1. Let me spell it out: the conditions are (1) surrounded by fewer than 21 Cβ atoms within 10 Å (Cβ to Cβ); (2) within 16 Å of the ligand (Cβ to nearest atom), and Tyr230 meets all of them except one. Which number is the exception?
2. In region 244-251, is there at least one residue being assigned to a loop (DSSP other than H, G, I, E, B) and in contact with a Phe, Trp or Tyr (Cβ under 9 Å, 6 or more places away or on another chain)?
3. Does Asp162 satisfy the criteria of being part of a helix (DSSP H, G or I), of a type in the set (Asp, Glu) and either assigned by TED's automatic domain parsing to the domain that holds Ala124 or farther than 22 Å from Asn286 by Cβ (or both)?
4. Could you please tell me which pairs satisfy a Cβ distance under 8 Å, a separation of 6+ or placement on different chains, a first residue in region 59-74 that is closer than 14 Å to Thr161 by Cα, and a second residue that is near the ligand (Cβ under 10 Å from one of its atoms) and small (Gly, Ala, Ser)?
5. Kindly check whether there is at least one residue in region 13-20 that is at pLDDT below 90, of a type in the set (D, E, K, R) and within 13 Å of the ligand (Cβ to nearest atom).
6. With the checklist (1) in a loop (DSSP other than H, G, I, E, B); (2) of a type in the set (S, T, N, Q); (3) within 16 Å of the ligand (Cβ to nearest atom) in hand, flag the one item Gln55 doesn't pass.
7. So, of the residues in region 272-286 that are under 22 Å from Gln153 (Cβ atoms) and in contact with a Phe, Trp or Tyr (Cβ under 9 Å, 6 or more places away or on another chain), which turns out to be surrounded by the most Cβ atoms within 10 Å (Cβ to Cβ)?
8. Within region 147-160, how many residues turn out to be over 19 Å from Gly344 (Cα atoms) and in contact (Cβ under 8 Å) with a residue 60 or more places away in the chain?
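The values are calculated or read from the model by the stated rules, or taken from the named source; none is laboratory data. The structure presented is a predicted model; accordingly, all values stated were derived computationally and were not measured. All Cβ positions, even for glycine, are placed from backbone atoms using ideal geometry, and neighbour counts span all protein chains on display.
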Amino acid sequence: MLERENIQGVIPRDPENNIESFHGLYEIMERSHERLTTNEWEFCTCPSCQQSFYQKAKTPVGSCNSIECAGRYEFLQQPRRRLNVSVEDITEAINSTFAESGFHTLQPVNIKNSNGSTIFIGNAGQIFDRQIFREESINPNPSLIYQPAIRLQSQDKVGTTDGFATSFVNVATEQLEANEAQHVEILDKWMDFLSGIGLYLGDFTLKPKLEKTTWGAKDGIETYTLKFNYKGLEIGVSNYTTIPQKTRPEISQSDTAFGLERILWAINKNSRYYEVVGPLTNALRNEDVLMDAYRTTTLMAASGVHPGTDEQGSKLRNIAHKYGTLDHDFKPDIVKYYYKWWSGFTQLPLEANHTAQILRAEADRMCNTQVKRILHDRGLSRSHSDKKTLSTDLFASGLSSNQIDALREELSNE
Ligand SMILES: [Zn+2]
């Protein structure tokens, strides 16, 4: 075990961290520092946020390259590629990087999480929730996984900050009980992959962080993270985590995970993230919020989440409000488009048509509620209204033609 004096030069600068309490992470810090500096990364302090970062000594970036410090997505200043790299090209490159080194591909888990600490699966590492939380037996082999993930905490950023989404594919290598040397080897492989697909390592910064976290009711978890910032865009993280157990000694988890769509964006440099996520016609109309809502609710419904009042169903319902309005005609084609994307990575329990039916029924229900509210607010009770007067009132009311049509239909159903 390393001594405090020896680790001093490689501690990520962060006034909140008391290094004494991260004794269990000394070795991983030291080993990754050694590997990175051997590969001509230098350890610096960001003049803007005062935090530590690594950059390639030959091509200094000058800041930690986070969006806060870079101020913008610098990579979008570079010319777009002539030929688009497809998601198939990327998955092929990832698969060949890791399959050849003995990584097993694991099937992702259903996003309806029932084992761990979150309502939905938010990252690939949760595939081991049963081993971590229930202390089931561990297979220490390294694995590769493409995990559809849902992170609702990004919801406010969708539509205001480009590059954010409430659902994405988290592509990751995972290994329980990996030792420090193995974790550093995995980090190296990811670097090989990144430069192999044309992302120049000199354009990256790696930002280290020490963190104590709580997963659900589980605490005492410590992580050493290296964040991969690519010219302003965070595209992945490499985590080495130690997790206390009740019935056995503490275990470790090597988890290096990237946003697949963000990798695609970084490579292709489309002017906007949602052009990568598609469909292009909607992206060109700046319909990010709608697209994100369709995309995430498609994943939820196809995975078996039913709109309702329970914990998961109410989240679906909340997001479906973005398209479940009288101003918007429900678009089953977008549901099918995203269904196809998700089913490329996971076995969805519901069929595409069934998924679209569920979401359409939910959108219709919301529209009906809206119609009733409008009628009520305007004192137009269904049974007493004279339809001709109603029509005039409606046209004078500033409602959209869609809303008026829906009200008419509602009244004609009497
Ligand atoms: Zn900074």
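1. So Tyr230 meets the others, but not (1).
2. So far as region 244-251 goes, no, none of its residues is assigned to a loop (DSSP other than H, G, I, E, B) and in contact with a Phe, Trp or Tyr (Cβ under 9 Å, 6 or more places away or on another chain).
3. Values: part of a helix (DSSP H, G or I): no; of a type in the set (Asp, Glu): yes; either assigned by TED's automatic domain parsing to the domain that holds Ala124 or farther than 22 Å from Asn286 by Cβ (or both): yes.
No.
4. Within 8 Å, the pairs are Glu68/Ser48.
5. Within region 13-20, one or more residues are at pLDDT below 90, of a type in the set (D, E, K, R) and within 13 Å of the ligand (Cβ to nearest atom).
6. (1)
7. If we filter region 272-286 for residues that are under 22 Å from Gln153 (Cβ atoms), which is where we start, we get 272-274, 276-277.
With the extra rule that they be in contact with a Phe, Trp or Tyr (Cβ under 9 Å, 6 or more places away or on another chain), the set shrinks to 272-273, 276-277.
Details: Arg272: 15, Tyr273: 22, Val276: 22, Val277: 24.
The residue in question is Val277.
8. Count: 4.
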